[in-house]
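One structure is given here, and the rest of the page talks about it.
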Amino acid sequence: MVAVAPDAVGPRVGPQTSVAGRSGSLVPVLRETGDADLVAVSVRKAGKSVVADRHGDQVAAAYGVDLAAVFEAERVRGGVGEIVRVPVLAPVGLPRRFLLVGIGDGTPKDLRRAAAALGRSARGRHHLVTTLGDSSSADGARAVVEGLILGAYTPPSAGLKSRAESSPAAQVTLVGNHPESGLDRGRAHARATVLARDLAETPANLKSPAWLAAQAAELGAAAGLEVRIWTEAQLIEEGFGGLVAVGSGSATPPRFVRIDYRPEGVRARRPIVLVGKGITFDTGGISIKPRTSMVTMKTDMSGAAAVLATLLACPEVGVRRPVTGLLPLAENAFGGDAYRPSDVITTYGGQTVEVLNTDAEGRMVLADALGYAVRHLDPETIVDIATLTGAASVGLGKRHGALFATEDRLATALTQAGADSGEQLWRMPLVEDYRPVLDSAVADLRNVTGRGAVTSGGGSIVAALFLREFTAGRRWAHLDIAGPARSEREEYEVTKGATGFGTRLLIRWLESLR
Ligand code: BES
Ligand code: MN
Ligand code: ZN
């Protein structure tokens, strides 16, 4: 039984910071606001020197500070994310802290990173007032909101200890000209990412498949989406062999969740189907993982979290296509009923799989979900997202997701959405010559490369080739996010632990579709 009340830790409703735009100039806004305890103006490179934004001199004058002297004394460069604290004796009515934040060239990417650094510096403060992103594009404004909220993110801590010193500022006021459409999108993208992080950060003793399915039902209903949940008995009855096999070794049984977004007032189209790997904890099963590599495996449902958060954002950002999310949820454990190496499993679509490694469980549950999509949804495009292989992060490191796609246009669109959202993808090949390593003597496929195969290595490619067998030739892309789904350290908008990777890029891609 769980030792902590399920409400004690778990996703919050929305980010910890509310961000509002205000037109006008800085000093009057500060005086009106009254409760601001931190003010920040931006500085950027200008050739060899550095300049403050158009509000800089005004606020410096109000504090009696000579900015040019500060630039020189502190060697201010205006580099992205550079934070310089200007010591001030604040006159009555002005915040006690004054920061300069570097924005580099001021591109959306630079602004997102600068905002993240500023959001982090504002942890423990109450109300930050800043001109960051003043007079930039809608994309710039969106990036500022994303950076402010995501850079300051802290995981839900159940109130177990006082976190006030390290909590994000409750309120941020952006002074100047920030297109409202950009602020709205930024809030939506940040909120979705925060939810994905919160879900992945939730410990696995609380986050059973049933719990995660219940979150989807509750949040989905609140967003006006249709949500259907399959119990274990229904999964057995309907032939979800991969999901049932993987979940069979756990005391908390598997679930399958389908979430439908159907926009009104747009012409009927075949749906986009998003599939997210939802392993609530991956021990490896009987092919058990080494002690150290198991510790982080509560985040092995990061793909499912990204898909759920994306579906929830669809009504808010006004996606014009029907979208269906599929979440195969299971814990990969090793009880007496666990599936074992050498078992032959019949997947939802009828193909049989010889299991040679129970730690290759992600592809087993995804096989069923892909089979379900093909049989029932007539998808226009399928995109799956999964923390699938350590090999993907060996190849690309921790800041790029591996992208596989059946079609160049789809690959290009996803790569662009990644670049624009700050969640980068790199395309990998579906190498036809490697496909025979998945041939089995006793089933249609084996779930991992066989011993003595001509080709070894290429683990993320082999996993992608396995998944492709279940897509029935549909337009399909696969995102292997084993690397970027979590981070060991804070870096700009990425925080330590679960990153919510993929959420913003998926929403952005869907927004771009006509
Ligand atoms: N969840 C893991 C992949 C993973 C590894 C995610 C490290 C994040 C960080 C996946 O289920 C797994 O165990 N994959 C195996 C596949 C192998 C058995 C073919 C792996 O990568 O070793
Ligand atoms: Mn595994
Ligand atoms: Zn896994």
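If you check L243, L235 for being part of a helix (DSSP H, G or I), touching a residue at least 40 places away in the same chain (Cβ under 8 Å) and over 20 Å from the mean Cα position of the chain (by Cα), only one passes: L243. Checking G397, G390 one by one, the residue that is touching a residue at least 12 places away in the same chain (Cβ under 8 Å), small (G, A, S) and more than 16 Å from ligand 3 (Cβ to nearest atom) is G397 and no other.
For region 342-385, a residue qualifies if it is within 15 Å of ligand 1 (Cβ to nearest atom) and polar (S, T, N, Q), and the qualifying residues are S342, N357, T358.
Within region 267-285, being part of a loop (DSSP other than H, G, I, E, B) and within 14 Å of ligand 3 (Cβ to nearest atom) holds for K277, T283, G284, G285. Here the condition is being under 25 Å from L414 (Cβ atoms), of a type outside the set (D, E, K, R) and surrounded by fewer than 24 Cβ atoms within 10 Å (Cβ to Cβ); of G336, G349, it holds for G349 alone.
When V65, V88, V51 are checked against the criterion of being in contact with a helix residue (DSSP H, G or I) (Cβ under 8 Å, 6 or more places away or on another chain), in contact (Cβ under 8 Å) with a residue 24 or more places away in the chain and surrounded by 15 or more Cβ atoms within 10 Å (Cβ to Cβ), V88 stands alone in meeting it. Counting only residues that are over 15 Å from V194 (Cβ atoms) and not in a helix (DSSP H, G or I), region 491-514 holds 4 of them.
One line per residue, one yes/no per condition, for (1) hydroxyl-bearing (S, T, Y); (2) away from ligand 1 (no atom under 14 Å from the Cβ); (3) part of a loop (DSSP other than H, G, I, E, B); (4) modelled with pLDDT under 95:
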{"site": "S287", "(1), (2), (3), (4)": "yes, no, yes, no"}
{"site": "T292", "(1), (2), (3), (4)": "yes, no, no, no"}
{"site": "A304", "(1), (2), (3), (4)": "no, no, no, no"}
{"site": "L308", "(1), (2), (3), (4)": "no, yes, no, no"}
{"site": "L312", "(1), (2), (3), (4)": "no, yes, no, no"}
{"site": "E316", "(1), (2), (3), (4)": "no, yes, no, no"}
{"site": "R320", "(1), (2), (3), (4)": "no, yes, yes, no"}
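If only residues of region 259-280 that are basic (K, R) and surrounded by fewer than 24 Cβ atoms within 10 Å (Cβ to Cβ) are counted, the one that is farthest from ligand 2 (Cβ to nearest atom) is R267. I'm trying to understand the selection: among the residues of region 3-53, which are part of a loop (DSSP other than H, G, I, E, B) and either modelled with pLDDT of 90 or more or touching a Lys or Arg at 6+ places or on another chain (Cβ under 7 Å) (or both)? G14, P15, T17, S23, G24, S25, D35, A36, D37, D53 - these are the residues of region 3-53 that are part of a loop (DSSP other than H, G, I, E, B) and either modelled with pLDDT of 90 or more or touching a Lys or Arg at 6+ places or on another chain (Cβ under 7 Å) (or both).
Criterion applied to P253, P328 was being over 22 Å from the mean Cα position of the chain (by Cα) and at pLDDT 95 or above, and the one residue passing it is P253. Within region 386-401, the set of residues being within 16 Å of ligand 2 (Cβ to nearest atom) and within 16 Å of S302 (Cβ to Cβ) comprises A386, T387, L388, T389, G390, A392, S393.
The values are calculated or read from the model by the stated rules, or taken from the named source; none is laboratory data. Remember, it's a predicted structure, so these values are computed and weren't measured experimentally. Methodologically, a virtual Cβ is constructed for each residue, glycine included, from the backbone with ideal geometry; neighbour enumeration extends over all protein chains shown.
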